[in-house]
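Read the structure below first, then the notes.
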Amino acid sequence: MARKHLLKTKGNAENAAISARNVLIYIRVSTDAQAQNLLSLADQENQLLARCKRDGDHVVGIFREEGETATNMRRPAFESMIARATDGSRSVNAIIVYSFSRAFRNQVEQELTVQLLRKHRVELLSHAEPLTQDDTGDLFRKFIGIVNEFQSKETSRATTRTMKENARRGYSNGGIIPFGYKSVDAEIIGQKQKKKLAIEPAEAEIVCLIFRLAVEGDGRSGPLGAKKIAVWLNEQGYRTRFGALFGTGAIHEILTREAYTGVRRFNEFDRDDERKAPSEIIEYEVPVIIDRATFDIVQNLLISRQPRARGPRLTSTPSLLGGLVRCDCEESYALTAATGTSRNGTIYTYYKCNQGMKRGAQSGCGVTCVNRKISRPVLEKLVTDALLDQLLTTERVTSILIALKARRDSRQATADRRISELGKQMLDAEERLSRIYAAIEGGTLDGSEASLKERVKSLVSSRDKAVEALAYAKKSAANPVDIDTVAIERFIRLMRDRLVSADVAARKAYLAAIVDRIIVSERTIRIIGSNDNVQSAFCPDGQDAPPVRKSVQEWCPWPVSNQHGVATTRF
C-alpha cells in the first residue's frame with residue numbers, strides 16, 4: 001500500500017513537471033488611444049503574467065511593441081520573438097498573446113506563422129480566446145483570423161474616409177508639418193479640435209530665400225544648386241527648425257515641395273510608396289509661400305542639372321568587406337569576392353580585382369593591375385586589426401570628437417552672429433520708433449500725416465519680423481556639447497566587441513558605419529573614413545547607433561566634412 005502511494009506521488013510530480021511550460025509573452029498597441037484604455041501594454045502584461053502564474057508556466061521572455069500595426073510581420077519585437085522561438089534550442093513551448101488581434105491582422109500570415117511555430121513544437125495561445133488544441137480549435141482560430149483581418153480593413157477604410165473628408169474641408173490630418181508652416185487651431189467640430197496650416201514667418205522667410213537663391217543666386221553668382229544653397233545658409237547662420245545645419249536633402253525637399261504654391265495633396269501614396277489613382281488623391285488649399293511661376297522655374301532647373309543616379313554600396317554581398325574594398329589601379333574598380341578550389345579539393349576564398357577578372361590586366365594612375373587577388377581571411381584580419389589598433393582607441397576617438405566639437409562650435413558662431421545682428425535690428429527699429437513717438441508727443445511731428453503713418457508702419461513691421469526671426473534663431477540654436485570619457489570608453493568597448501565577435505552581417509554593418517572605402521595596392525592597404533562617420537555612429541549616451549548608411553555621391557563631397565582619416569597597413 002505504501003509502495004502504491006509512493007508511485008502515485010512520483011507520477012503526479014512527473015506530470016506537473018511536464019505540464020510546466022516555458023512561454024514567451026507578446027504585447028502590442030497600435031495607437032495612443034489603446035495605450036490609455038484596457039488594451040494598454042501594462043494591462044496586457046499584468047493579465048498575461050497572472051495567467052502564467054496561475055497555470056504554472058515559466059515566462060522566459062516578454063516582447064513589447066508600441067505604435068506598430070499588425071497588418072504585416074515587419075515588427076522588430078515580433079521578429080525577435082519568432083527568431084527566439086525557432087532558434088532550434090526547443091527551449092520555448094508556447095507564445096501567449098492577449099488576443100490573436102494583438103499578434104496578427106492578416107489571416108494568411110497568421111496561419112503561416114502558426115505552422116512555422118509548430119515545426120519547432122511551439123504553440124500560439126490567446127488569453128482572451130481560449131481554444132482547444134485540435135482540429136476544432138484550428139478551425140476557430142482561422143475564423144478569428146479572418147474576422148480580425150476584416151475588422152482591420154474596415155477600420156482602415158473608415159479612417160481613410162474620415163481623413164479624406166477632413167482634407168476636403170481644408171483641415172490638416174497631422175503628420176510632419178512642412179518647413180515654413182505651423183499647425184494652428186481652426187475650429188471645434190463635435191469634440192474634435194480641427195487644425196489648419198498657417199505660415200510660420202521666420203521659416204517662410206527662409207523658404208523664400210532658398211527659392212530666390214535657386215533662381216537668382218546670391219548676387220555674386222548665377223543660380224545656386226542645392227549643395228551651394230545649403231553651404232550659403234549655413235555660413236550665414238541659418239538653421240533648420242531643430243537647430244541643425246541645412247543639408248542637400250533638406251534643401252532639395254524644400255525646392256520640390258509643391259505645397260508652397262498653395263495646394264497640398266493628401267492620400268497621394270500607399271504604404272508601398274506607389275502613387276494612388278487620381279480619384280483617391282485629395283487636394284486642399286494652404287497659405288501660399290511661393291508663386292507657381294517661380295516653383296516651375298526651379299523644377300526645370302533641377303531637372304536640367306540632375307546627375308546620373310547612383311545606387312548604394314553593395315551591402316548585400318556576403319563577404320565582410322564587399323562594397324568597401326577597391327583596387328588601387330582605379331578607385332572605382334571593386335575587389336570582388338571569389339572562391340577557388342585547389343588540386344586536393346580545398347576551397348579557399350579571396351578578393352580579386354573586378355576589372356582584372358574581366359580583362360586580365362588594367363593600367364591606371366601609374367599602377368599596373370595584373371589580376372591582383374588577396375586571401376579574404378588575410379585581408380579581413382588586417383583591416384580589422386588596423387581599426388582596433390589605430391582607430392578604436394581612447395586617444396584617437398577623443399581627438400576626433402574634440403575636432404568635431406571645435407568644428408560644431410565654429411558653425412554655431414555664425415548662428416550667434418546672426419542672433420546678434422537680429423538683436424541689433426530689433427533695437428534699432430525700436431529706437432527709431434521711440435524717437436518718432438517722442439517727436440509726435442512733443443508736437444514736432446504731426447501724427448496724422450500719411451507719409452509718417454507709412455513710416456511708422458514700416459518700422460513696426462521690421463521690428464516684428466526681427467523679433468520673430470530672433471526668437472526662431474534662439475529656439476534653433478545648438479546646445480553646447482560635452483565630451484564624456486565614460487561614454488567614449490563604452491562606445492569603444494561596444495564597437496570592438498561588434499567588429500570581433502558579431503556575425504558577418506552585423507560586423508559588416510558596423511564596419512560600413514565608420515569606413516568609407518578600403519584601397520588595396522601591391523604592398524599596402526589604405527583604410528579611408530571621415531571623422532563624421534565616428535560622430536554618426538556615436539550617440540550622446542555612448543551607445544552604438546544603428547549602422548544605417550546612406551549613398552553618398554563621391555563627386556560632391558562637403559568641404560567642411562571631408563577631413564578623411566587614413567589608416568595604412570603594410571603587408
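The values are calculated or read from the model by the stated rules, or taken from the named source; none is laboratory data. These figures come from a predicted structure and were not determined experimentally. We place every Cβ from the backbone using ideal geometry, glycine too, and count neighbours over all the protein chains shown.
The residue pairs whose first member lies in segment 93-106 and is closer than 11 Å to residue 27 by Cβ, whose second member is outside any loop (DSSP other than H, G, I, E, B) and of a type in the set (Gly, Ala, Ser), and whose beta carbons are closer than 9 Å, counting only pairs six or more residues apart or on different chains, are 96/126; 97/103; 97/126; 98/126; 99/126; 102/126; 103/126. Scanning segment 138-174 for residues that are surrounded by 15 or more Cβ atoms within 10 Å (Cβ to Cβ), modelled with pLDDT under 90, assigned to a helix (DSSP H, G or I) and of a type outside the set (A, V, I, L, M, F, W, C) yields 145, 148, 149, 152, 164, 166.
For the subset of segment 1-40 comprising residues that are hydroxyl-bearing (Ser, Thr, Tyr) and not in a helix (DSSP H, G or I), which member is modelled with the lowest pLDDT? First the steps, then the outcome.
Step one: filter segment 1-40 for residues hydroxyl-bearing (Ser, Thr, Tyr), giving 9, 19, 26, 30-31, 40.
From what is left, the residues that are not in a helix (DSSP H, G or I) are 26, 30-31, 40.
Values: 26: 93, 30: 76, 31: 63, 40: 77.
Top of the filtered list is 31.
Tell me whether segment 117-137 contains one or more residues that are free of Cβ contacts under 8 Å to residues at least 40 places away in the same chain, outside any helix (DSSP H, G or I), surrounded by 12 or more Cβ atoms within 10 Å (Cβ to Cβ) and among the acidic types (Asp, Glu). Looking for residues that are free of Cβ contacts under 8 Å to residues at least 40 places away in the same chain, outside any helix (DSSP H, G or I), surrounded by 12 or more Cβ atoms within 10 Å (Cβ to Cβ) and among the acidic types (Asp, Glu), one finds at least one in segment 117-137, hence yes. Taking segment 458-478 as the range and being modelled with pLDDT of 80 or more and either surrounded by fewer than 16 Cβ atoms within 10 Å (Cβ to Cβ) or not in a helix (DSSP H, G or I) (or both) as the test, the residues that pass are 458, 460, 461, 464. In segment 252-292, of all residues being β-branched (Val, Ile, Thr) and part of a helix (DSSP H, G or I), the one that is modelled with the highest pLDDT corresponds to 254. When 456, 520, 467 are checked against the criterion of being within 30 Å of residue 352 (Cα to Cα) and outside the structural domain of residue 209 (by TED's automatic domain parsing), a single residue qualifies: 520. May I ask you to verify whether residue 101 is under 29 Å from the mean Cα position of the chain (by Cα), surrounded by 11 or more Cβ atoms within 10 Å (Cβ to Cβ) and among the polar types (S, T, N, Q)? So residue 101 passes the test. Within the set 194, 164, the sole residue that is in contact with a strand residue (DSSP E or B) (Cβ under 7 Å, 6 or more places away or on another chain) and in the same structural domain as residue 270 (by TED's automatic domain parsing) turns out to be 194.
Please determine, by comparing only the residues of segment 41-77 that are over 17 Å from residue 127 (Cβ atoms) and part of a helix (DSSP H, G or I), which one is nearest to the chain's Cα centre (by Cα). Of everything passing the filter in segment 41-77, 76 is nearest to the chain's Cα centre (by Cα).
Collect the residues in segment 78-98 that are assigned to a helix (DSSP H, G or I) and buried (at least 16 other Cβ atoms within 10 Å of the Cβ), keeping them in residue-number order.
Residues of segment 78-98 that are assigned to a helix (DSSP H, G or I), as a first pass: 78-85.
Within segment 78-98, 78, 81, 82, 84, 85 meet the criteria.
Give 239, 212 a once-over and let me know the one that is part of a loop (DSSP other than H, G, I, E, B), under 23 Å from residue 464 (Cβ atoms) and modelled with pLDDT of 85 or more.
Details: 212 fails: part of a loop (DSSP other than H, G, I, E, B).
The unique qualifying residue is 239.
The requirement of being modelled with pLDDT of 80 or more and surrounded by fewer than 19 Cβ atoms within 10 Å (Cβ to Cβ) is fulfilled somewhere in segment 409-421, by at least one residue.
Taken over segment 377-405, the criterion of being basic (Lys, Arg) and at pLDDT below 80 is satisfied by 405 alone.
Matching residues to (1) more than 30 Å from residue 240 (Cβ to Cβ); (2) assigned to a helix (DSSP H, G or I); (3) within 44 Å of the chain's Cα centre (by Cα):
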residue	(1), (2), (3)
390	yes, yes, yes
395	yes, yes, yes
412	no, yes, yes
421	no, yes, yes
428	no, yes, yes
437	yes, yes, no
446	yes, no, no
